[in-house]
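The values are calculated or read from the model by the stated rules, or taken from the named source; none is laboratory data. Note that the structure is a prediction, hence the values are computed from the model and not measured. As a convention, Cβ positions derive from the backbone with ideal geometry for all residues, glycine included, and neighbour counts pool all protein chains shown. Only protein heavy atoms, including side chains, enter the accessible area calculation; ligands, DNA and RNA are left aside. Shrake-Rupley method; radii C 1.70, N 1.55, O 1.52, S 1.80 Å.
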Amino acid sequence: MQKGLDLKAKENEFRELKEFIDSKRDTKGILMQTLHKAQEIFGYLPEEVQKFISIETGMPMAEIYGVATFYTQFTLTPKGEHTIGVCLGTACYVKNAQLVLDKLIKELGINVGETTEDGLFTLDATRCLGCCGLAPVMMIDDEVYGKLEPKDIPDILNKYRK
Ligand code: FES
């Protein structure tokens, strides 16, 4: 169960978000801009932040939730310290990227889009990362790992666990 935000501790962040909304009040597309800004400030879009945006903009929660969940660039849960992106583009897929992803799911005990309980890893599936010659490929933060086999995964993860 995800913990709620400590609103008191985030006073400055909410103030910054309010100033942003105030500066955009009469502009078109305020919701997308506000969600981007909120994610930049908080790192994700928890319910408390969505409620705040709803109150400040007058938009219904359902609309805000709908947009926040429709676009993959928004996340409703906090990201881990390290983000793993497994490429499921065509070149990687035909080279068994799914087996690499299955191994990660097993090793981390989470599904795609989730974060480990210790907050260390977030697992994502991505489109082509632009290095198909190395298929199957995954990225951890800015580092590319290519020509992967499922058996490589535990050692790679251990590098980040130290
Ligand atoms: S399809 Fe995976 S890097 Fe291009």
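List of remarks:
- Residues that are assigned to a helix (DSSP H, G or I) and either open to solvent by less than 50 Å² (accessible area, probe 1.4 Å) or β-branched (Val, Ile, Thr) (or both), drawn from the stretch 104-120: Leu104, Ile105, Leu108
- Restricting attention to the stretch 57-101, the residues that are among the small types (Gly, Ala, Ser) and either open to solvent by 90 Å² or more (accessible area, probe 1.4 Å) or in contact with a Phe, Trp or Tyr (Cβ under 8 Å, 6 or more places away or on another chain) (or both) total 2.
- Taken together, the residues in the stretch 44-92 that are away from the ligand (no atom under 16 Å from the Cβ), within 30 Å of Tyr160 (Cβ to Cβ) and either touching a Cys at 6+ places or on another chain (Cβ under 9 Å) or of a type outside the set (Ser, Thr, Tyr) (or both) amount to 14.
- The stretch 103-132, residues that are within 16 Å of the ligand (Cβ to nearest atom) and hydroxyl-bearing (Ser, Thr, Tyr): Thr126
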